[in-house]
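Remarks on the structure that follows.
Values in this text are rule-based calculations from the coordinates and carry no lab data. Every value quoted in this text rests on a predicted model; they were computed, and no experiment measured them. Cβ placement follows ideal geometry from the backbone for every residue including glycine, while neighbour counts extend to all protein chains displayed.
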Amino acid sequence: MRRKALRVAARAVEERINADRSDHVGPVFPCACGKPARFCGRRTKTFESVLGPLAISRAYYHCGACAVGFCPRDHTLGLADGSLSPGVLRMVGHVGALVSFQEGQELLRDLAGVDLSIKHVERAAEKLGREIAADEKNIVEPPLPNGVLPETLYLGLDGTGIPMRAEELEGRSGKQSDGTSKTREVKLVTVWSAEKRDAEGIPIRDEGSVTYSAAIESATQLDTDVVPSAFATRVQREATRRGFAHAKRRAWLGDGAKWIWNIADEQAPDAIQIVDRFHVNERLSNTGKAIYGHGSDLEKRWTHERCTELKAGKIDDVLAALAVHAGIKEARQCSEYIQTNRLRMRYGEFHAAGLCTSTALVESGCKYAIGKRLKQGGMFWTVSGGNAIIALRCCRISGRFEDFWERRAKRAA
Ligand SMILES: [Zn+2]
């Protein structure tokens, strides 16, 4: 029933647009290059719209100087870059950000009656993602000066590998037994607030306060480099957009990776540096397994005791317990890790100050923002395609999708 009604509506729209020939403005039309383009008759093209396919007739002009043809109507109708109407492209953006291209193709067909091939969904979503990635670089205004910033802002950095196509990995070394790699690292910056408290008074992340920005890009910084790395610049943009520098209190979270603290020292030297406690717990758990064997009661008790000491900020107790097993490599490495980062593990002090130190905030950010969409079975990415979908997803899940479409519509006008 609905399908039929849509088809009727589509024919009506088609007839109305095609009856209007005002897009033929005369024998010439000014090309973007400034030279006149010549009218070469009308051409019909089928566009995929929310009502279904629309065959639209348009006046076609050709510029000899540029050797390109164009239809002014495509621009006025917002159809200039492809065969999808803005409404359908927006739908493709939603599904491409959230689910696989195949699931997206099915959702578009079943929910909206829009019938595109999987490849078409993929191409359109990636093209849109590239547009969003470019747009993101230009939108770095701080929040409105009269807006209320939360008392404390948290900024977290993390990295996660996504599976890549073989040709994208040639010559790259990695963790496979033969020294090759199957993945490339996506680096993520996430900003949030946690002003709310649970029943026990522990800070919990404020719903809707989380934003994400990520890409497969370098965070490597040499002393001789005059410009910050691509990822450091991304962190700067996200921090600016969130007014990170203006929050009364700033906390910077990460695992122990050195690049994370290098960027923190550089960009926010007065932010409180905190190793996400989730990562330390994980290290302690793996160490417990190495000492007592997987799944033994001793292992569980040992790990539980160390994590409890850690949470209370009793770092010396943890180190003393590790020293007992100094003969085991994992225990030595864990001890080194804690000693290197111990100033970032003053959890007793942090908790007393009302700061959150973990619930795997950053880690789950990576899982949600990246893993859930880009690490499903059978997915293999190119750098370009992966970065496009990452940009699309981060925009969508950070609540920035509508703003993007507003800017896009303004630009087209
Ligand atoms: Zn031209």
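Classify the chain as rounded, prolate or oblate, taking a ≥ b ≥ c as the square roots of the eigenvalues of its Cα gyration tensor: rounded when a/c is under 1.5, otherwise prolate if a/b is larger than b/c and oblate if not.
In terms of gyration-tensor shape, prolate.
Name the residue farthest towards the positive end of the dipole of segment 278-332 from the options 286, 320, 310, assuming +1 on Cβ of Lys and Arg, -1 on Cβ of Asp and Glu, about the Cα centre.
Of the options given, the answer is 286.
Let me know the shape class of segment 98-177, please: from the alpha-carbon gyration tensor, a ≥ b ≥ c as square roots of the eigenvalues, rounded when a/c is under 1.5, otherwise prolate if a/b is greater than b/c, or oblate.
Because a/c hits 1.5 or more and a/b fails to exceed b/c, segment 98-177 counts as oblate.
Can you compute the charge dipole magnitude of segment 129-241 about its Cα centre, using +1 on each Lys and Arg Cβ and -1 on each Asp and Glu Cβ, nothing else charged? Give it in debye, rounded to the nearest 20.
The dipole of segment 129-241 has a size of about 180 debye.
Charges only on Cβ, +1 for Lys and Arg, -1 for Asp and Glu: so what's the dipole of segment 2-76 about the Cα centre, in debye to the nearest 20?
280 debye
Which shape class, rounded, prolate or oblate, goes with segment 1-99 when its Cα gyration tensor gives a ≥ b ≥ c as root eigenvalues, a/c under 1.5 marks rounded, and past that a/b bigger than b/c marks prolate?
Oblate shape, in that a/c is at least 1.5 and b/c is the bigger or equal ratio.
Could you list 279, 75 in order of exposure, starting from the residue whose Cβ has the fewest other Cβ atoms within 10 Å?
Fewest-to-most Cβ neighbours within 10 Å comes out as 75, 279.
Calculate the length of the line joining the C-alpha centroid of segment 146-220 to that of segment 91-116, in whole Å.
26 Å
With charges only on Cβ, +1 for K and R and -1 for D and E, what is the dipole size of the chain about its Cα centre, in debye, rounded to 20?
1500 debye
Name the helices (complete DSSP H segments) of the chain with a Cα length along the long axis of 27 Å or more and a Kyte-Doolittle mean of at least -0.5, or state none.
Helices passing the filter in the chain: none found.
May I ask you to order 128-136, 203-211 by the average number of other C-beta atoms within 10 Å around their residues, highest value first?
128-136, 203-211
Calculated from DSSP H runs of 4 or more alone, at -39500 (n - 2.57) each and per residue, what is the 222 nm mean residue ellipticity of the chain, nearest 500?
-14000 deg cm²/dmol
Projected onto the charge dipole of the chain (+1 at Lys/Arg Cβ, -1 at Asp/Glu Cβ, origin at the Cα centre), which of 85, 247, 357 gives the Cα projection farthest towards the positive end?
My answer, from the dipole projection, is 85.
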